[in-house]
């Protein structure tokens, strides 16, 4: 194999010789890949690697850093995010934008995405990394033009990149999808998923998927989790124990199953409500001046939007249940006529996240 590479190097440009050499090497030496199924909260096992592989003990890392990944337990720890990527032939070759001409055709839509800069179109903005360097390039991009490309420092410990989120309540179901791949999945371990920490940065647990797709192809990985008790920080993370981990199209959402089941005239002083039926007719004299509109909803939403059309039209946003129009305990004083009311509920405050449900009703 060395003789073949020497021949290629002497007869072809450096980058083309490198690529052909890598392909030939892979044909003759790459073993079959196997997936590791991870139980919730488990520490990923380290596979047996070749003599040159960079390996690490997850148990040892956990005892020093609090988590199996060994990621720093501060939002912005010192000594990370180096200014410049490592300078090596792999980095030069895979980020050659003229030769690669790699603009992804995939369009990745993720309504309600909680990740900042999920497809690295704004460089490395929003991401923090350790024990290596994160850069962006067009190689293997799946969503937009760029992918995130993490090069491990080669010191034997895990390294990777992450974002920390707060404000996601205990017991909330969260869903992550991400494209990811390695150059040498037969030799190195890599994972994507979640880590959970208390407000004092005590590690609680994780939920991970093993990355075993070989670049330039990326596989799409999905991880679902329920935020555990005492969790304050939700860390979205990708890490490896050597070589490269490249990702794109990070999508973190909070699925919303909340539903709107009806609309009432709400008696603001605590009296009996009046259920509104579609196409129904109501007398203003029966309602008096102490009623407003109230959406009847099931659990799981965080905000609602009312849009009222008719003689007394209006709209408002509510961030606290019960959801009312024109808001809170303020009475609604409509003029006589026909009305259509549309209510939409969302998974986050201020109509953020995903839309859970929409409900429209008309009455006179």
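For the stretch 233-259, a tally of residues being closer than 25 Å to residue 321 by Cα and more than 17 Å from the chain's Cα centre (by Cα) returns 3. Of the residues 355, 348, 302, the single one that is closer than 30 Å to residue 113 by Cα, in contact with a helix residue (DSSP H, G or I) (Cβ under 8 Å, 6 or more places away or on another chain) and surrounded by 12 or more Cβ atoms within 10 Å (Cβ to Cβ) is 302.
On the given criteria, is residue 169 part of a strand (DSSP E or B) and either buried (at least 18 other Cβ atoms within 10 Å of the Cβ) or touching a residue at least 40 places away in the same chain (Cβ under 8 Å) (or both)? No. Within the stretch 108-120, identify whether any single residue is more than 15 Å from the chain's Cα centre (by Cα), surrounded by fewer than 19 Cβ atoms within 10 Å (Cβ to Cβ) and either in a loop (DSSP other than H, G, I, E, B) or at pLDDT below 95 (or both), and answer yes or no. Scanning the stretch 108-120 turns up no residue that is more than 15 Å from the chain's Cα centre (by Cα), surrounded by fewer than 19 Cβ atoms within 10 Å (Cβ to Cβ) and either in a loop (DSSP other than H, G, I, E, B) or at pLDDT below 95 (or both). Criterion applied to 272, 213, 229 was being out of contact with any helix residue (DSSP H, G or I) (no Cβ under 8 Å at 6 or more places or on another chain), free of Cβ contacts under 8 Å to residues at least 60 places away in the same chain and not assigned by TED's automatic domain parsing to the domain that holds residue 181, and the one residue passing it is 272.
For every residue, the table says whether it meets (1) assigned by TED's automatic domain parsing to the domain that holds residue 110; (2) surrounded by 15 or more Cβ atoms within 10 Å (Cβ to Cβ); (3) free of Cβ contacts under 8 Å to residues at least 12 places away in the same chain; (4) under 29 Å from the mean Cα position of the chain (by Cα).
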| site | (1), (2), (3), (4) |
| --- | --- |
| 311 | no, no, no, no |
| 315 | no, no, yes, no |
| 318 | no, yes, no, yes |
| 336 | no, no, no, no |
| 359 | no, yes, no, yes |
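Of all the residues in the stretch 208-248, those that are more than 20 Å from residue 185 (Cα to Cα) and in a strand (DSSP E or B) number 7. Which of the residues spanning the stretch 287-305 are under 29 Å from the mean Cα position of the chain (by Cα) and not in a loop (DSSP other than H, G, I, E, B)? Correct list: 297, 303, 304, 305.
One residue stands out in the stretch 183-205 among those that are in contact (Cβ under 8 Å) with a residue 60 or more places away in the chain, surrounded by fewer than 24 Cβ atoms within 10 Å (Cβ to Cβ) and part of a strand (DSSP E or B): the one that is farthest from the chain's Cα centre (by Cα), namely 203. Within the stretch 178-193, is even one residue at positive phi, assigned by TED's automatic domain parsing to the domain that holds residue 234 and out of contact with any helix residue (DSSP H, G or I) (no Cβ under 8 Å at 6 or more places or on another chain)? Yes; the residues of the stretch 178-193 include at least one that is at positive phi, assigned by TED's automatic domain parsing to the domain that holds residue 234 and out of contact with any helix residue (DSSP H, G or I) (no Cβ under 8 Å at 6 or more places or on another chain). Among the criteria (1) modelled with pLDDT under 95; (2) closer than 25 Å to residue 124 by Cβ, the one residue 247 does not fulfil is (1). Number of residues in the stretch 320-334 that are out of contact with any helix residue (DSSP H, G or I) (no Cβ under 8 Å at 6 or more places or on another chain) and touching a residue at least 40 places away in the same chain (Cβ under 8 Å) equals 7.
The values are calculated or read from the model by the stated rules, or taken from the named source; none is laboratory data. Quick caveat, the model's predicted, so the values are computed rather than measured. As a convention, Cβ positions derive from the backbone with ideal geometry for all residues, glycine included, and neighbour counts pool all protein chains shown.
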